[in-house]
Structure formats: C-alpha cells, structure tokens
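Asker: A single structure is presented below for examination.
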Amino acid sequence: MDRNYHVFSAGRLERQDDTLRLVTEDGEKKYIPVENAEAVFLHGQIDYNTRLLSFLNKHGVAVHVFGWKDYYAGSLMPKRGQTSGQTVVEQVRAYDHPDRRLKLAKAIVEGSIHNMRTNVTYYAGRGHDFDEVIEDIDAAGERLESVTDVNEAMGTEATARKAYYSTFDAILPEGFRLDRREYNPPPNELNSLISFGNSLVYANCVSAIRATALDPTISYLHEPGERRYSLSLDLADLFKPVLADRVLFRLVNRNQIGLEDFETELGSCLLTERGRKTYGKAFEETLERTVEHPRLNRKVSYQYLMRIEAYKLKKHLLTGEPYEPFKRWW
Amino acid sequence: MTSSTTVGGSDVDPVSLLLASAREESVPEEFRVTGVMMQYYFVCERELWFLSRDVEIDRDTVSVVRGTNVDDTAYSEKRRSMSIDGMIALDLLDDGRVVEVKPSSKLTEPARMQLSYYLWYLKHVAGVEKEGVLAHPRERKREPVELTEEREKKVEEAIRGIYEVVTSETPPPAEEKPYCSSCAYHDFCWSC
Ligand code: SF4
C-alpha cells in the first residue's frame with residue numbers, strides 16, 4: 001500500500017479496465033499496478049480525465065502533481081479512508097492554546113536543527129572544516145530554548161538553516177553554487193535540486209498524514225493555510241536533511257546528476273526529465289532503506305519514519321503524552 | 001490536557017449506572033460495557049481507552065481480529081448467536097449454556113471474564129441464570145464457568161475499573177507486555 005509511482009514522461013494517463021495505463025507521446029503503453037499504490041507522482045505534461053480520477057479515488061491512491069516553478073503544484077487526494085472528528089478537535093485545541101502550539105513548534109524546529117547538524121558533522125568528518133557552522137547551528141539551538149513565540153521559533157530555524165546551507169558549496173563540486181536559497185522559481189541548479197527534493201519530501205509527508213486521521217491543514221510551526229497542507233510543511237522540515245539533502249549530495253558528488261541535467265527557461269532553472277528520473281529513483285531507494293528502531297525493536301523504512309511521526313503527533317494530541325521530534329539517531 | 005481521576009463528576013456507583021442504563025432507566029450519564037471492553041480491560045487498559053475513544057490507528061492495518069471470532073468453526077454442534085441490548089453478543093449451546101471460545105492460551109483470563117460478564121449481565125439485567133463454558137478448541141478441552149459470588153465481585157470490580165479508564169481524560173501509560181507485539185496500537189504506543 002505504500003508504493004509511489006512516478007511518471008516522468010509526457011503523455012496521457014488513463015483507466016484501462018482495472019489498471020492504470022500511461023500512453024506516452026510516442027504511443028508507448030505502460031501499466032501501473034494500482035493495488036499497492038500509495039501515490040502517483042506526475043512530473044511530465046500529463047493529460048487525464050475525471051474517469052481516471054474517480055478510479056484513483058476509489059482505490060485510495062493520491063496524485064501529486066509536480067509542475068513547474070517550485071515543482072510541487074498540488075495534490076489530488078482521494079476521499080480520506082479515515083476521519084475522526086475528535087482528532088481534528090484536539091488538533092485545533094492544541095493550535096489554539098499558545099503554550100501548546102509553541103511547544104510543538106519548538107519541538108519541530110529542535111528536530112530540524114538536530115537533523116541539519118547531523119549532516120554537517122557527517123561531512124565535517126570527511127575532511128571539511130565546519131567548526132564555525134556547527135557553532136552557529138548550536139547557537140541557534142540554544143536560542144530556541146528561550147523563544148517565546150512561534151515566529152521567533154521560525155526565525156531560529158531560518159538562522160540555523162542559513163548556516164547549514166552555507167556548507168553546501170563546500171560539500172558539492174564546482175558548478176553547483178547556492179549563493180542564496182531562492183525558490184519560486186529556483187534560479188540555479190542547486191536551488192532547483194533542493195526544491196525538487198523538498199517537494200518530494202513534502203508530498204510523502206502528505207501521504208503519511210493521510211494514513212492517520214490528522215487534518216493536514218492544521219499545523220503548528222507553519223501558519224495553517226500558508227500552503228494547502230501546512231501540517232506537511234511542519235513534518236517535512238524534520239525530514240528534508242535526512243532525505244532530500246542526502247540524496248542530493250550523493251547524486252551530485254558521484255556525478256550522477258550534472259549541470260547538463262538542468263535547463264533554464266524564463267529565469268527558472270529546472271531539472272530535465274532525465275534529471276528528475278535519476279533523482280526520483282534515488283529518492284525512492286532511500287525511502288525503502290531501513291534502520292533499526294530502538295523502541296519498536298524492528299527495522300523500519302525511512303518512509304515509515306514519516307508515518308511514525310504522524311502517529312507520534314496524533315498520540316500527543318489525543319493523550320497529552322509528550323511529543324518528541326524525529327532526530328536522526330544513526 | 002490535565003489528567004483526571006474524577007469519576008465523571010458523579011457519585012453513582014458505575015455498577016448501578018450500568019444496570020440503570022441497561023434497563024433504560026433515566027441516568028445522569030449513559031454507561032455501557034460491551035464484552036469486548038471487558039476483555040480489553042484484562043488485556044490492556046490503555047487499549048481499552050483507545051477503543052473507548054475511537055482512536056483508529058491506521059487505514060491500512062487490518063486490525064487484529066481477536067477473541068470470539070477465533071476458531072468459530074472448531075465445534076460442529078449447533079450454536080445460536082444472540083445479541084442483547086446491542087451490548088453483548090453471545091453464543092448459546094443447545095443445552096442452554098453460554099459458550100465463549102478462548103482465543104489463545106495467553107488470554108484465558110480475559111476470555112473467562114468476558115464470559116463471566118455475560119453471565120452476570122444475563123442474571124442482573126435479563127433475570128436469567130445461565131452456566132457458561134469456555135471452549136479451548138486447540139486443546140479440545142472445555143472449562144465450565146460458573147458465576148460464583150467471587151466471580152460476581154470480580155465482574156463488578158472490573159466494571160468500576162472500566163468506568164475509571166473510559167472516563168479518564170488520558171490513557172494509562174504504555175507498559176510493555178507480551179501482548180504488545182500483536183496489538184494494533186503497537187507502533188502508536190512505542191514509536192515514542
Ligand atoms: S501496544 Fe501494548 S500498551 Fe499499547 S495498547 Fe497495545 S497492548 Fe496496550
């Protein structure tokens with residue numbers, strides 16, 4: 001039930017009896033098994049009709065549309081298999097309670113800072129001098145303890161992220177320069193790669209949240225309604241360093257993605273179909289990687305970690321038991 | 001969220017509350033206990049709390065089907081299923097005894113208590129006294145269960161315990177028990 005299918009080429013996606021069929025522009029036909037699909041990611045120019053959408057809806061398969069600009073364009077979500085008025089009520093209560101909201105927002109930033117820091121120390125161990133960056137990140141982490149509102153927490157995250165991004169130029173080969181983190185649209189290759197990875201993390205968090213009865217529009221760090229599924233933005237912050245950035249470093253440093261995998265159009269630098277395919281494949285492989293979970297006493301996939309995070313949040317909301325953010329422990 | 005142990009703000013004994021609810025008398029608050037709730041109370045109070053709050057865990061997970069559905073086919077003799085007040089669903093053997101199938105060797109006591117509760121309910125609500133039999137299909141054994149005075153007390157204690165769990169604002173903390181590994185809430189409790 002948790003498989004993602006990515007469609008990179010342009011063409012038409014249609015219902016063919018009880019399966020999904022992709023007819024590419026040159027007439028090639030591919031079939032996508034729908035029974036075990038969690039979501040279909042559409043990256044190319046894809047035509048579809050309502051017949052297809054109701055079919056996917058019936059099978060509980062989400063569609064994440066990746067277009068242009070910041071990549072993520074939107075999701076077509078099937079009717080939720082689960083709704084729980086009580087969960088939503090508790091979500092809103094926590095949002096409306098300044099202390100509780102702040103606590104959650106801080107926890108998310110704390111986890112996010114921890115996971116960024118882990119990446120920096122990993123590369124520091126591989127011959128880079130990141131002492132100052134680590135100091136800056138730690139200073140942000142300390143400041144976080146005393147922040148008194150959500151905006152400040154947001155600001156602390158931004159400070160840590162800025163320090164974190166300053167390591168990218170050193171970690172990556174010549175030609176990949178961040179200069180400044182910009183999106184909507186991403187102006188250069190590295191910005192573009194970060195955006196693409198982050199949007200994949202975001203979409204997977206949408207799927208993880210959907211598996212619970214949590215309302216994806218009620219969030220704590222981000223302002224609800226800032227984007228459609230703001231709770232996904234909250235969770236995605238925790239996983240971006242672990243998923244998106246690690247994939248990015250690996251692919252670029254191993255020359256699997258190069259400058260030739262981008263094209264610039266009207267000031268936006270976007271991955272080509274080949275580039276998206278390469279990244280998408282590596283990303284899916286990463287989602288399937290497993291790690292021993294210390295409390296569950298079994299191996300869990302990186303993808304399941306996002307699900308776990310949604311459970312943890314829901315558990316906190318329903319039981320009042322403390323929420324501990326995901327911090328990479330391995 | 002504050003933890004609360006107040007018994008719903010009423011001084012009424014949960015047992016009387018349950019009986020009054022069952023008899024459709026006017027009560028300060030409805031209180032009903034199903035056989036499954038009785039069973040869960042002895043398996044895991046936390047799970048009982050989740051159940052009472054409709055905490056659904058996962059749209060994909062096929063929830064662990066436990067208890068009375070296990071080994072339904074193990075006995076070929078005729079059984080009549082009946083439901084009383086929508087609260088308890090029991091199986092009667094031809095000889096009139098109430099039968100409860102014991103799901104696994106570990107969960108004997110929860111099954112025994114569920115059966116005892118049925119007998120108690122029949123006696124106090126319907127006014128019929130029945131005997132029960134706990135069936136062990138795997139071992140091809142049966143254990144007669146009688147509603148002794150001692151068992152009645154235990155049922156009533158459990159009803160009070162259940163009342164406390166389900167009216168509490170927070171669930172009892174997770175405690176690692178052998179049953180956890182096969183529980184639908186496992187990842188919910190232990191992902192921390
Ligand atoms: S996992 Fe264990 S503690 Fe949690 S509800 Fe199930 S049995 Fe109870």
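Asker: All but one of (1) without any contact (Cβ under 8 Å) to a residue 40 or more places away in the chain; (2) open to solvent by less than 10 Å² (accessible area, probe 1.4 Å); (3) in contact with an Asp or Glu (Cβ under 7 Å, 6 or more places away or on another chain) hold for residue A:195; which doesn't?
Answerer: The one condition residue A:195 does not meet is (1).
Asker: In region A:21-58, what residues are surrounded by 18 or more Cβ atoms within 10 Å (Cβ to Cβ), modelled with pLDDT under 90 and outside any loop (DSSP other than H, G, I, E, B)?
Answerer: Listed by number, the residues that qualify are A:37, A:38.
Asker: Tell me, please, whether a residue that is under 17 Å from the mean Cα position of the chain (by Cα) and polar (S, T, N, Q) can be found in region B:137-156.
Answerer: Looking through region B:137-156, none of the residues is under 17 Å from the mean Cα position of the chain (by Cα) and polar (S, T, N, Q).
Asker: May I pose another question? Being free of Cβ contacts under 8 Å to residues at least 12 places away in the same chain and either of a type in the set (Lys, Arg) or open to solvent by 100 Å² or more (accessible area, probe 1.4 Å) (or both) is the filter here, so list the residues in region B:139-157 that pass it.
Answerer: Of everything in region B:139-157, those that are free of Cβ contacts under 8 Å to residues at least 12 places away in the same chain and either of a type in the set (Lys, Arg) or open to solvent by 100 Å² or more (accessible area, probe 1.4 Å) (or both) turn out to be B:140, B:141, B:142, B:149, B:150, B:153, B:157.
Asker: Consider region A:217-257. How many of its residues are within 14 Å of another protein chain (Cβ to nearest Cβ) and out of contact with any Pro (no Cβ under 7 Å at 6 or more places or on another chain)?
Answerer: Residues meeting the conditions: 1.
Asker: While we're looking at this one, here's another question. Scan region B:181-192 for residues that are within 6 Å of the ligand (Cβ to nearest atom) and either hydroxyl-bearing (Ser, Thr, Tyr) or touching a residue at least 24 places away in the same chain (Cβ under 8 Å) (or both) and report the count.
Answerer: Matching residues across region B:181-192 total 3.
Asker: Here are the criteria: (1) surrounded by 17 or more Cβ atoms within 10 Å (Cβ to Cβ); (2) within 16 Å of the ligand (Cβ to nearest atom); (3) of a type in the set (Val, Ile, Thr). Tell me which single one residue B:170 does not satisfy.
Answerer: Here residue B:170 meets the rest and fails (1).
Asker: In region B:109-122, is there at least one residue being of a type outside the set (A, V, I, L, M, F, W, C), assigned to a helix (DSSP H, G or I) and within 30 Å of residue A:312 (Cα to Cα)?
Answerer: Taking every residue of region B:109-122 in turn, at least one turns out to be of a type outside the set (A, V, I, L, M, F, W, C), assigned to a helix (DSSP H, G or I) and within 30 Å of residue A:312 (Cα to Cα).
Asker: Would you pick out the residues in region B:166-192 that are away from chain A (no Cβ under 13 Å) and among the hydrophobic types (A, V, I, L, M, F, W, C)?
Answerer: If the condition is that a residue be away from chain A (no Cβ under 13 Å) and among the hydrophobic types (A, V, I, L, M, F, W, C), then B:166 is the only one that fits.
Asker: Here is a list: B:142, B:138, B:151, B:160. Which entry is in a helix (DSSP H, G or I), more than 16 Å from the ligand (Cβ to nearest atom) and modelled with pLDDT under 95?
Answerer: After applying the criteria, what remains is B:138.
Asker: Read through the list (1) under 12 Å from the mean Cα position of the chain (by Cα); (2) within 16 Å of the ligand (Cβ to nearest atom); (3) at pLDDT below 85, then give the number of the only condition that residue B:68 fails.
Answerer: The number of the failed condition is (2).
Asker: Starting from residues that are surrounded by 23 or more Cβ atoms within 10 Å (Cβ to Cβ) and in a loop (DSSP other than H, G, I, E, B), keep the ones in region B:27-43 and report whichever is nearest to the ligand (Cβ to nearest atom).
Answerer: For region B:27-43, the residue satisfying everything is B:33.
Asker: Can you name the condition, by its number, that residue B:46 falls short on among (1) open to solvent by 70 Å² or more (accessible area, probe 1.4 Å); (2) at pLDDT 90 or above; (3) not small (Gly, Ala, Ser)?
Answerer: The one condition residue B:46 does not meet is (1).
Asker: Also: So in region A:165-176, with the set limited to residues that are outside any helix (DSSP H, G or I) and within 22 Å of the chain's Cα centre (by Cα), which one is farthest from residue A:113 (Cα to Cα)?
Answerer: For region A:165-176, the residue satisfying everything is A:176.
Asker: Report the residue count in region A:211-270 for those that are β-branched (Val, Ile, Thr), in a helix (DSSP H, G or I) and exposed (fewer than 15 other Cβ atoms within 10 Å of the Cβ).
Answerer: Number of matching residues: 0.
Asker: Can you pull out the residues in region A:165-203 that are farther than 17 Å from residue A:130 by Cβ and aliphatic (A, V, I, L, M)?
Answerer: Hits for region A:165-203 are A:190, A:193, A:194, A:200, A:201, A:203.
Asker: How about region A:275-330: which of its residues are part of a helix (DSSP H, G or I), of a type outside the set (Ser, Thr, Tyr) and away from chain B (no Cβ under 14 Å)?
Answerer: The answer is A:275, A:276, A:277, A:280, A:281, A:282, A:283, A:284, A:285, A:287, A:288.
Asker: Among the candidates B:164, B:131, B:175, which residue alone is under 16 Å from residue B:47 (Cβ atoms), acidic (Asp, Glu) and in contact with a Lys or Arg (Cβ under 8 Å, 6 or more places away or on another chain)?
Answerer: B:175
The values are calculated or read from the model by the stated rules, or taken from the named source; none is laboratory data. Since the structure is predicted, the reported quantities are computational estimates derived from the model, not experimental observations. Quick reminder, even Gly has a Cβ in these numbers, built from the backbone with ideal geometry, and neighbours come from all protein chains shown. What goes into the accessible areas is simple: the full protein's heavy atoms, side chains included, and nothing from ligands, DNA or RNA. Shrake-Rupley method; radii C 1.70, N 1.55, O 1.52, S 1.80 Å.
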